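A.B. asks: Structure provided below as structure tokens; questions to follow.
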Amino acid sequence: MIVCKFGGTSVGDAPAIGRLVEIVRARVPEQPLVVVSALSGVTDALLALPGLPEDLRGTTVRRMMDRHLEVAAALGLRDVEPALREEAAVLEQTLAAVAPGAATPEALDRVSGTGERWSSRLVVAALAAAGVEAVWVDARPVVRTDDRFTRASPERAGLSARAAHAFRPPLAAGRVPVTQGFLGSTADGRPTTLGRGGSDFTATLLGAALGADRVEIWTDVDGIMTADPRLVPEALVLPVASHLEAAELAAFGAKVLHPATQAPLVEAGVPCVVLNSFAPDRPGTTIVAGLHPTAEWASPVRAISWKPGVTVLNIRSGKMLGASGFVLRVFEVFDHHGVSVDVLATSEVNISLTVEEPAPVTALCHDLEAFGDVTVYPSRAIVAVIGIDLRGTRGLAARIFRAVQHINVEVISQGASEINVTFVVREEDGAEAVRALHREFFGNGAHG
């Protein structure tokens, strides 16, 4: 069996769902399990709902409902409306219990999960209308999580048994199960979500738990690319990538995959293929565990990624000199606030590190001031150069920083990973840094 995950743009409207149907129909002999995201833009709209005045909430829900009904009508689906309205009714009940602007993380998860339930109802109906026997499966009791609402972590223990119980019977009967990405639930049944982009994570968790032959991630680009094609139109597609490269690219801003996707597949030895639902005949990128692919071009660099919306926190303290455990105590502050750090650079009396917006910067600074002087640099971007054996390639750092010599580089980090050189620039300089590096290592799209 295989897992086919379709992102928001791949289910964004009636033509997109029509393409999904044809992709799945061609894979029926391989026993596909379909995982879907919400229609593009729906999750953002749902997350904004609790902050709206009560009189605007109903209007917004009806507008979203109408969008789904219009997609159903364009696909000729006549029997799906009751299921869509049932999900909308649950949403309205949840909103009725939340005062404007006072939603708890738990309430946000109950609201934001509606998009995937709507889209999965549409996909089941569209497959059935095309003659593909499909069945709707609720992902929430299968993907058990902790109770960190809006960013829950899945509990891997028991997942294989729960997934087999939910999906093996329909697969064995020749039916196509359709389920939701992004969604989970606590042990006592309260709905959770895996964080933004978590549908990829759902797909790889289920693929690993079920021992799939492969996991297909269907998106709106041709695969993992040497740079974001919106910034670099001449960016190239990587035919093959290692899971390490894919994980690094995702962690540092590449939108093709969720950063957590690769770990379950590596453990289970399941390959992943990133494909374009708008051009399904293109080969995409195959991600293989443990592989160091041969470079398709002379340079060891494989891709350039970037992440805007970053804040740098600089801690300067004489207490660091010769003090054991100082960095540990600093990181305990971030752990207390549930904030992860992307980039870290240290000297004898200084620590610079980055957090993603919207981190609780004020609260972090309050606690960090116990260690020394804290300076905040908002509106920064991380630029990451990903490749093969970068740490062992002579002259590479010179090429990187020569390419961006016209841009002020504020923080540099290398050494933790042999496949990643990372630095921080002002956010307004990030896109130009990516373009300059791509010209340096890939020319104008030519291998060389």
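A.B. asks: Can you tell me the alpha carbon radius of gyration of segment 86-148 divided by the globular rule-of-thumb value 2.2 N^0.38 Å? Numbers along the way, then the final one.
C.D. replies: Working: Rg = 14.6 Å, N = 63, 2.2 N^0.38 = 10.6 Å.
Here the answer is 1.37, to two decimals.
A.B. asks: Less than 9 Å Cβ to Cβ from P100, Lys/Arg counted +1 and Asp/Glu -1: what total charge do the surrounding residues give? Intermediate values should be presented prior to the final figure.
C.D. replies: Details: positive: R57; negative: E54.
With Lys, Arg at +1 and Asp, Glu at -1, the net is 0.
A.B. asks: Please state, as a whole number in µm²/s, the translational diffusion coefficient that the Stokes-Einstein equation yields for segment 97-222 at 25 °C and 0.890 mPa s, with Rh defined as the Kirkwood radius across alpha carbon pairs. Could the numbers behind the result be given before it?
C.D. replies: Details: Rh = 15.3 Å.
Reported coefficient: 160 µm²/s.
A.B. asks: Then there's this: Pairs of Cα atoms under 8 Å, at least six residues apart: use those to get the relative contact order of the chain, whole percent. Please report the intermediate quantities before stating the final value.
C.D. replies: Working: 908 pairs, mean separation 59.7, N = 448.
Once divided by the residue count of the chain, the mean separation gives 13 percent.
A.B. asks: With every protein chain present, what is the per residue accessible area of segment 76-179 (1.4 Å probe, Å²)? Mind showing how you got there, number by number?
C.D. replies: Values: 4620 Å² over 104 residues.
Per-residue accessible area for segment 76-179 comes out at 44 Å².
A.B. asks: To continue, here is another question. For Cα pairs less than 8 Å apart in space and 6+ apart in sequence, what is the mean separation divided by the residue count of segment 148-207, i.e. the relative contact order in percent? Please report the intermediate quantities before stating the final value.
C.D. replies: Values: 58 pairs, mean separation 23.5, N = 60.
Across segment 148-207, relative contact order equals 39 percent.
A.B. asks: Let me ask another. Please give the net charge around E356, taking every other residue with its beta carbon less than 10 angstrom from that of E356, where Lys and Arg add +1 and Asp and Glu add -1.
C.D. replies: Overall, the nearby charge balance is -1.
A.B. asks: On to the next question. Could you tell me the relative contact order of segment 323-421? Use alpha-carbon pairs under 8 Å, at least six residues apart, and round to a whole percent. Spell out each step's value before the answer.
C.D. replies: Details: 67 pairs, mean separation 24.7, N = 99.
It rounds to 25 percent for segment 323-421.
A.B. asks: Over the Cα atoms of segment 260-412, what Rg and Dmax result, in angstrom?
C.D. replies: 19.5, 60
A.B. asks: Stick to Cα atoms and the Kirkwood definition of Rh, then tell me Rg/Rh for the chain. Don't skip to the answer; put the middle values down first.
C.D. replies: Numbers: Rg = 23.0 Å, Rh = 23.3 Å.
Value, to two decimals: 0.99.
A.B. asks: With the full set of protein chains in place, find how many percent of the accessible area of the chain is carbon and sulfur; take the probe as 1.4 Å. It would help to have the intermediate numbers written out before the result.
C.D. replies: On the way: 9700 of 18650 Å².
Accessible surface attributable to carbon and sulfur in the chain totals 52 percent.
A.B. asks: Please work out, to two decimal places, the log10 of the ratio I(q)/I(0) at q = 0.11, 0.22 Å⁻¹ from a Debye calculation in which every Cα of segment 332-448 carries one identical scatterer.
C.D. replies: Ignoring solvent entirely, the Cα scatterers give -0.44, -1.31.
A.B. asks: Per residue, how much accessible area does segment 303-448 have with a 1.4 Å probe, in Å²? Display every interim value, and only then the final one.
C.D. replies: On the way: 6940 Å² over 146 residues.
For segment 303-448, the solvent-accessible area averages 48 Å² per residue.
A.B. asks: OK, next. Hey, with R₀ at 45 Å, roughly what FRET efficiency would R85 and S379 work out to, going by the Cβ-Cβ distance, to 0.05? Could you put the intermediate results ahead of the total?
C.D. replies: On the way: r = 43 Å, r/R0 = 0.96.
Given R0 = 45 Å and the Cβ-Cβ separation, E is 0.55.
A.B. asks: When the C-alpha atoms of segment 33-168 are aligned to their principal axes, what extent does each axis show, in angstrom, from largest down?
C.D. replies: The principal-axis extents, from largest down, are 43, 41, 21 Å.
A.B. asks: Provide the gained length on full extension for the span F278 to E133, in nm with one decimal, where the gain is 0.36 nm per separating residue minus the Cα-Cα distance.
C.D. replies: Numbers: separation 145, 0.36 × 145 = 52.20 nm, distance 2.36 nm.
Between F278 and E133, full extension yields 49.8 nm more.
A.B. asks: On to the next question. Sorting check: for 5-16, 353-364, which peptide has the highest mean count of neighbouring beta carbons within 10 Å, and how do the rest follow? Write down the numbers at each step before the final one.
C.D. replies: Details: 5-16: 22.2, 353-364: 16.4.
By packing density, highest mean first, the sequence is 5-16, 353-364.
A.B. asks: Which residue, G372, G184, G197, tops the fluctuation ranking in a GNM of the chain built on C-alpha contacts under 10 Å?
C.D. replies: Maximum among the listed residues: G372.
A.B. asks: Could you rank the peptides 169-176, 201-208 by their average count of other C-beta atoms within 10 Å per residue, with the highest value first? Walk me through the numbers on the way to the answer.
C.D. replies: On the way: 169-176: 14.6, 201-208: 28.0.
Final packing ranking: 201-208, 169-176.
The values are calculated or read from the model by the stated rules, or taken from the named source; none is laboratory data. Predicted model, so just to flag it, every value in this text is computed and none were measured. So basically every Cβ, Gly included, is an ideal-geometry build from the backbone, and we count neighbours across all protein chains shown. For accessibility, only protein heavy atoms count, side chains too; no ligands or nucleic acids. Shrake-Rupley method; radii C 1.70, N 1.55, O 1.52, S 1.80 Å.
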